[in-house]
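Have a look at the structure below, then the notes.
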Amino acid sequence: MTSQTLIAQIEVYFEQRQRCFDNCWATQLQLRQLDQQAANLFYLLTKQRKSLKTQQNDNPFWLSLLLSETVAETIQLLASQSKTTHPELICIQWWAQQNNGAALIAALISLETTSPELTKQLLCVIASATPIINDQFNFLHVNDIKPCINFINQHLGRASQIWFSHFMNHENTDDDNKKLLELTLCRGNSAAKLPALNSTLLADKCLLKQYVIQANSKLVNTLINELSKHNDNAKFVLSMMAFSGYKQFVPWLIQMLTAGFLSHAAFAALHTLLGTEFERQLPDGLYGEFEPESQVELLVALKQTLTAWWEVHRDDFPEQILAGKAVNESNITSVWQQGNIFQCEVAAYRYWCLKVEHRLSDARGFNTRGLL
């Protein structure tokens, strides 16, 4: 198979993969099958590394990352970037699985050659694809701990508590970073008091997902109100309602089914909260529909059906739900194995918040193993 044929097939894969995230019905299993097929294509392409590198000027950036042979070469490529695209992140994750992802992480931490926002993203992306993360990372000489906070929190298990306790007491840690650190120290401790919301925390979507999962209904309402002050947060607000699991948001989400550009997000949030119970209420034309927001008349009918159904069955559900059932370890594991991608993302965060020693599984990342 020629390199151009392989490149064309991989670019089709990138498009198919991206469409999965816009599809309320795409499952973790479907995503994993796509990634397994792509892993073979990536491997075949690297076998043509020598000839492809001679025409490097014509290569897309994702291909340059894929063909990189060393940590130093990968770092050099990333140093010139201010942001990365979905295909580039996938290639970085595949590279981390096949090579030394931990060494790449260590280089990003110590060299600080990429922009802080890009470093923050890359550390978690690479770590989620690296099979083994040990405690070999040293943050004592890092000038700015902020880009590293999510990585430490999500991937260093119990060691994260040690590092965060150190930085909480360090004289050079500013108040904004201490707010972020306060939240990370709450994971795995249901009795811990969550920090007050501030602009720094509100700007970090990863930490907000952790916050909303651990918060009581009163704090979740406060968070929703704060996020709702900015129109560009509208879809994220609906996703936070689903992350929280609180059934109090179901009536509001039902009303959003016919709210134009928010219809898709409301549909996905209700599906995440109610699972198969939601599916049973769907008109035939909406079940499996890739773009439910395009079926305006059916959404109006669904809104009426769900409103009447919820009035009758509201008390059948516990206060917090995931896919129509109580939030517990058994249901979380079941959703990860069988749920759609957004349900799996919620399940991954919930499992991680339960177990302080656990690493956060990336429900949207390159994944050929399927482990929670």
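Table for the structure above
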{"read-out": "Computed E for Glu69/Phe261 - FRET, C-beta separation, R0 56 angstrom, nearest 0.05", "value": "0.80"}
{"read-out": "Distance (nanometres) between label positions extended 7 Å along Cα→Cβ at Thr2 and Ser228", "value": "5.8"}
{"read-out": "Inter-probe distance in nm under a simple model that places probes 7 Å from Cα toward Cβ, at Lys53 and Gln76", "value": "1.0"}
{"read-out": "Spin-label pair Thr113/Trp309, simplified geometry with 7 Å Cα→Cβ offset, distance in nm", "value": "5.5"}
{"read-out": "At R0 = 45 Å, FRET efficiency that the Cβ-Cβ distance of Ala301 and Val356 yields, to 0.05", "value": "0.50"}
{"read-out": "Per residue, in Å², the accessible surface of the chain once ligands and nucleic acids are set aside, probe 1.4 Å", "value": "46"}
{"read-out": "Cα Rg, Dmax (largest Cα-Cα span) when computed across segment 312-352, Å", "value": "10.5, 34"}
{"read-out": "Kirkwood Rh in Å, taken over segment 30-163 so that all alpha-carbon pairs contribute", "value": "15.5"}
{"read-out": "CD proxy at 222 nm, helix term only [per DSSP H run n ≥ 4: -39500 (n - 2.57); per residue of the chain; nearest 500]", "value": "-18000 deg cm²/dmol"}
{"read-out": "Across Lys193/Lys303; Lys179/Lys218; Lys53/Lys83; Lys83/Lys209; Lys178/Lys229; Lys83/Lys178, pairs whose alpha-carbon gap is larger than 30 Å", "value": "Lys193/Lys303"}
{"read-out": "Orientation-averaged projected area, Cα convex hull of segment 272-372 (nm²)", "value": "7.5"}
{"read-out": "Carbon and sulfur %, accessible surface of the chain computed with the full protein complex present, 1.4 Å", "value": "49"}
{"read-out": "Percent RCO, i.e. relative contact order, over the chain, from Cα pairs under 8 Å lying at least 6 residues apart", "value": "19"}
{"read-out": "5 angstrom amide H check on Ile321, placed H, neighbours 5+ away", "value": "Tyr246, Lys247"}
{"read-out": "Percent of Cα-Cα distances greater than 33 Å, calculated over the chain", "value": "34"}
{"read-out": "Modelled label reach - Ala103, point 7 Å along Cα→Cβ, segment 137-156 residues with backbone N closer than 18 Å", "value": "137-138"}
{"read-out": "Descending semi-axes in Å of segment 219-316, equivalent ellipsoid built from Cα gyration tensor", "value": "21, 16, 11"}
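The values are calculated or read from the model by the stated rules, or taken from the named source; none is laboratory data. Every value quoted in this text rests on a predicted model; they were computed, and no experiment measured them. Cβ: placed from backbone, ideal geometry, glycine included. Neighbour counts: every protein chain shown. Surface areas here come from the heavy atoms of the whole protein model, side chains and all, with no ligands, DNA or RNA. Shrake-Rupley method; radii C 1.70, N 1.55, O 1.52, S 1.80 Å.
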